[in-house]
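Okay, so here's the structure we're looking at.
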Amino acid sequence: MNNEVILKTVGLTKQYGTIKAVDHISFAVQSGQIVGLLGPNGAGKSTTINMILGILQPTDGTVEIFGKNMVAHRSLISRGINFAAVYAHMPPNLTVRQNLRVFGLLYGVKKLNYRIAELLDEFDLEKFASSKAGILSSGELSRLSLAKAVINRPRLLLLDEPTASLDPSISLQIREKIKEYVDKTQTAVLWTSHNMREIEAVCDHVLFLSHGHILLSGDPRSLPSDHGKRDLEELFIAVAREPLSLKET
Ligand code: ATP
């Protein structure tokens, strides 16, 4: 990690009528760092990610990426970021290669044929290159989604539950691919997951969201014992059930 701050949010807030989906959250992600964004259903994780991606306009606060304000420099910043999420479907009628070509063209990737060949190799997709995305298994589709997510060599990668609905063995394979990629490229990653063992295995730092607030933050390996819990899963359940008793002062 070279400590360069890639993503910084200050007082980030999203209000829908009387509901504060995200309420004044401030945090940073550095180059080569994997930060876990955790919290129960409805805590505000996807809303946060969508504001970082520039898809949702914050009600208040700022998102700075590569030292620039997201709202003012969205198109410049967008070239250097990317994301993967189960709900972001790959067009099923296009082949794996065609999918990568479309996204490569959207991001203006140079030497695209070379980059596609590199990704097919890196994500073990060569034998599916001419298969339509619609026939791929969940694990194969996740690898395609990740290949798409790094096609533009992003310096910031947002992963919204990248292993949701995958079996434990495929999840491990996907996690290892991402870790390998981050070690090699020093990409900054913000990762949401409900799988606490996964978070312990991959994240350098975690942020616990509850009702739109960052309730706790720290090292996923020491945070549970700091709060008298055995592991991250037990801490997660406590955050979901009794958030006020855990609030950091
Ligand atoms: P999950 O783990 O279930 O995906 P989440 O942490 O990603 O949940 P969000 O989807 O960010 O949670 O939602 C945060 C809160 O904001 C929820 O209470 C949700 O109902 C509310 N919300 C999200 N989008 C809207 C919207 N467009 N209009 C009104 N309320 C919304």
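Couple of notes before you dig in:
- The figure for residue 16 is an accessible area of roughly 110 square angstrom, using a 1.4 Å probe on the protein chains alone.
- 37 °C / 0.692 mPa s Stokes-Einstein diffusion coefficient of the range 92-218, Kirkwood radius on C-alpha pairs, µm²/s: 211
- Net charge in the neighbourhood of residue 116 (other residues with Cβ under 15 Å of its Cβ; Lys, Arg +1, Asp, Glu -1) is +4.
- Overall Cα dimensions of the range 75-160, principal axis frame, Å, largest first: 35, 28, 21
- Cross-link pairs 127/177; 148/177; 45/132; 8/110 - those with Cα-Cα distance over 22 Å: 45/132; 8/110
- Each other residue within a Cβ distance under 14 Å of residue 185 adds +1 if Lys or Arg and -1 if Asp or Glu, for a net charge of +1.
- Once the Cβ-Cβ distance of residue 234 and residue 114 is raised to the sixth power relative to R0 = 45 Å, the FRET efficiency obtained is 0.40.
- Solvent exposure ordering (accessible area, 1.4 Å, most first) of 81, 135: 135, 81
- Only beta bridges with both residues in the chain are counted; by DSSP, about 55 percent of them are antiparallel.
- If you take the alpha carbon atoms of the chain and fit the smallest convex hull around them, that volume is 128 Å³ per residue.
- Accessible surface of residue 183, taken over heavy atoms with a 1.4 Å probe and every protein chain present, rounds to 110 Å².
- Summing charges over neighbours of residue 106, with a neighbour being any other residue whose Cβ is under 11 Å away from its Cβ, gives +3 when K and R count +1 and D and E count -1.
- Only DSSP H runs of four or more residues enter the estimate; each adds -39500 (n - 2.57), and after division by the residues of the chain the mean residue ellipticity at 222 nm equals -10000 deg cm²/dmol.
The values are calculated or read from the model by the stated rules, or taken from the named source; none is laboratory data. None of the values given here were measured: they were computed from a predicted structure. Counting neighbours? That spans all protein chains shown, and the Cβs are built from the backbone with ideal geometry, glycine included. The protein model used for the area step is the full one, side chains on, heavy atoms only, and it has no ligands, DNA or RNA in it. Shrake-Rupley method; radii C 1.70, N 1.55, O 1.52, S 1.80 Å.
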